[in-house]
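The values are calculated or read from the model by the stated rules, or taken from the named source; none is laboratory data. Since this is a predicted model, take the numbers as computed values, not measurements. Here the Cβ positions follow ideal geometry from the backbone for every residue, glycine too, while neighbour counts run over all protein chains shown.
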(Lines give C-alpha, C1' and ligand atoms only; values in the text may rest on other atoms or scores of the structure.)
Protein backbone atom coordinates (compact mmCIF):
# COMPACT_ATOMS: atom_id res chain seq x y z
CA UNK A 1 0.00 0.00 0.00
CA UNK A 2 1.33 3.43 -0.90
CA UNK A 3 1.80 6.00 1.81
CA UNK A 4 -0.62 8.92 1.89
CA UNK A 5 0.73 12.38 2.69
CA UNK A 6 -0.95 15.41 4.20
CA UNK A 7 -1.46 18.23 1.73
CA UNK A 8 -3.07 21.65 1.90
CA UNK A 9 -4.71 23.57 -0.91
CA UNK A 10 -6.63 26.75 -1.60
CA UNK A 11 -8.72 27.83 -4.54
CA UNK A 12 -7.38 30.90 -6.34
CA UNK A 13 -10.18 33.33 -7.06
CA UNK A 14 -10.66 36.48 -9.07
CA UNK A 15 -13.00 38.92 -7.37
CA UNK A 16 -13.42 41.83 -9.82
CA UNK A 17 -15.45 43.95 -7.41
CA UNK A 18 -14.32 43.10 -3.90
CA UNK A 19 -17.23 45.00 -2.33
CA UNK A 20 -19.73 42.66 -4.04
CA UNK A 21 -17.95 39.51 -2.85
CA UNK A 22 -18.62 37.73 -6.16
CA UNK A 23 -15.78 35.62 -7.45
CA UNK A 24 -14.71 33.22 -10.16
CA UNK A 25 -12.51 30.22 -9.35
CA UNK A 26 -9.47 30.37 -11.64
CA UNK A 27 -6.85 28.14 -10.07
CA UNK A 28 -5.50 25.95 -7.30
CA UNK A 29 -2.41 26.26 -5.12
CA UNK A 30 -1.33 23.02 -3.42
CA UNK A 31 1.39 22.38 -0.83
CA UNK A 32 2.61 18.97 0.37
CA UNK A 33 5.57 19.17 2.77
CA UNK A 34 6.45 15.44 2.66
CA UNK A 35 6.72 15.50 -1.13
CA UNK A 36 8.46 18.90 -1.11
CA UNK A 37 5.76 20.12 -3.47
CA UNK A 38 4.30 23.58 -3.96
CA UNK A 39 2.60 24.52 -7.20
CA UNK A 40 -0.17 26.70 -8.53
CA UNK A 41 -2.07 26.31 -11.78
CA UNK A 42 -4.78 28.48 -13.25
CA UNK A 43 -7.18 28.69 -16.17
CA UNK A 44 -8.93 31.92 -17.04
CA UNK A 45 -12.35 31.77 -18.68
CA UNK A 46 -12.26 35.22 -20.25
CA UNK A 47 -15.95 35.28 -21.19
CA UNK A 48 -17.02 34.51 -17.62
CA UNK A 49 -14.57 37.05 -16.26
CA UNK A 50 -15.86 39.76 -18.61
CA UNK A 51 -19.44 38.94 -17.52
CA UNK A 52 -18.49 39.99 -13.98
CA UNK A 53 -17.02 43.30 -14.99
CA UNK A 54 -16.76 44.72 -18.51
CA UNK A 55 -14.02 47.18 -17.51
CA UNK A 56 -11.79 44.58 -15.88
CA UNK A 57 -8.11 44.69 -16.90
CA UNK A 58 -7.69 41.03 -17.88
CA UNK A 59 -3.99 41.47 -18.71
CA UNK A 60 -3.32 42.72 -15.18
CA UNK A 61 -5.21 39.75 -13.70
CA UNK A 62 -3.21 37.36 -15.85
CA UNK A 63 0.06 39.05 -14.83
CA UNK A 64 -0.89 38.67 -11.16
CA UNK A 65 -1.67 34.99 -11.64
CA UNK A 66 1.64 34.42 -13.43
CA UNK A 67 3.43 36.14 -10.52
CA UNK A 68 1.51 33.81 -8.18
CA UNK A 69 2.86 30.79 -10.12
CA UNK A 70 6.40 32.20 -10.11
CA UNK A 71 6.31 32.64 -6.32
CA UNK A 72 5.20 29.03 -5.80
CA UNK A 73 8.15 27.77 -7.81
CA UNK A 74 10.62 30.24 -6.29
CA UNK A 75 11.59 31.24 -9.83
CA UNK A 76 14.02 34.02 -10.66
CA UNK A 77 12.22 37.34 -10.55
CA UNK A 78 9.72 36.16 -7.94
CA UNK A 79 10.94 38.76 -5.46
CA UNK A 80 11.65 38.42 -1.77
CA UNK A 81 8.62 36.19 -1.14
CA UNK A 82 9.82 33.76 -3.82
CA UNK A 83 13.01 33.19 -1.82
CA UNK A 84 11.16 32.00 1.30
CA UNK A 85 10.90 28.27 2.07
CA UNK A 86 7.90 26.43 0.57
CA UNK A 87 5.75 26.52 3.70
CA UNK A 88 6.27 30.26 4.12
CA UNK A 89 5.50 30.93 0.44
CA UNK A 90 2.29 28.91 0.70
CA UNK A 91 1.22 30.74 3.87
CA UNK A 92 1.97 34.13 2.32
CA UNK A 93 0.06 33.33 -0.88
CA UNK A 94 -2.98 32.02 0.97
CA UNK A 95 -3.14 34.78 3.60
CA UNK A 96 -6.45 36.63 3.74
CA UNK A 97 -6.39 39.78 1.64
CA UNK A 98 -8.82 42.19 0.07
CA UNK A 99 -7.58 42.27 -3.51
CA UNK A 100 -8.89 41.22 -6.90
CA UNK A 101 -6.82 37.98 -6.84
CA UNK A 102 -7.21 36.10 -3.58
CA UNK A 103 -7.50 32.59 -2.13
CA UNK A 104 -10.19 30.60 -0.39
CA UNK A 105 -9.65 29.17 3.07
CA UNK A 106 -6.95 26.52 3.20
CA UNK A 107 -8.28 22.95 3.07
CA UNK A 108 -6.36 19.81 4.14
CA UNK A 109 -6.38 16.33 2.67
CA UNK A 110 -4.28 13.24 2.09
CA UNK A 111 -2.74 12.26 -1.22
CA UNK A 112 -0.36 9.74 -2.75
CA UNK A 113 0.77 11.97 -5.61
CA UNK A 114 0.57 15.77 -5.11
CA UNK A 115 0.74 16.58 -8.84
CA UNK A 116 -2.19 14.25 -9.64
CA UNK A 117 -4.15 15.71 -6.73
CA UNK A 118 -3.52 19.26 -7.95
CA UNK A 119 -4.76 18.40 -11.44
CA UNK A 120 -7.84 16.62 -10.06
CA UNK A 121 -8.74 19.58 -7.82
CA UNK A 122 -8.24 21.96 -10.74
CA UNK A 123 -10.60 19.92 -12.88
CA UNK A 124 -13.24 19.64 -10.13
CA UNK A 125 -13.16 23.21 -8.79
CA UNK A 126 -12.05 25.39 -11.71
CA UNK A 127 -12.82 23.82 -15.10
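Quick notes
- Candidates 37, 31, filtered to the one that is crowded, with 17+ Cβ neighbours inside 10 Å, out of contact with any strand residue (DSSP E or B) (no Cβ under 6 Å at 6 or more places or on another chain) and farther than 19 Å from residue 127 by Cα: 37
- Exactly one residue among 75, 40 is under 30 Å from residue 4 (Cα atoms), touching a helix residue (DSSP H, G or I) at 6+ places or on another chain (Cβ under 9 Å) and at pLDDT below 95, and that residue is 75.
- The stretch 22-38 residues that are in a loop (DSSP other than H, G, I, E, B), paired with ones that are modelled with pLDDT of 95 or more and surrounded by fewer than 24 Cβ atoms within 10 Å (Cβ to Cβ) (beta carbon under 6 Å, 6 or more apart): 23/13; 34/5; 35/5; 35/114
- Any chance residue 45 is farther than 18 Å from residue 7 by Cβ, surrounded by fewer than 17 Cβ atoms within 10 Å (Cβ to Cβ) and in contact with a strand residue (DSSP E or B) (Cβ under 8 Å, 6 or more places away or on another chain): yes
- Sole residue being farther than 13 Å from residue 115 by Cβ and surrounded by 19 or more Cβ atoms within 10 Å (Cβ to Cβ), chosen from 18, 26: 26
- Considering the stretch 1-15, and only residues there that are within 15 Å of residue 109 (Cα to Cα) and either surrounded by 15 or more Cβ atoms within 10 Å (Cβ to Cβ) or free of Cβ contacts under 8 Å to residues at least 40 places away in the same chain (or both), the residue that is farthest from the chain's Cα centre (by Cα) turns out to be 5.
- Conditions (1) at pLDDT 95 or above; (2) closer than 22 Å to residue 125 by Cα; (3) not in a loop (DSSP other than H, G, I, E, B); number of the one not met by residue 49: (1)
- Filter result (within 11 Å of the chain's Cα centre (by Cα) and not in a loop (DSSP other than H, G, I, E, B)) within the stretch 71-117: 71, 72, 90, 93, 94, 101, 102, 103
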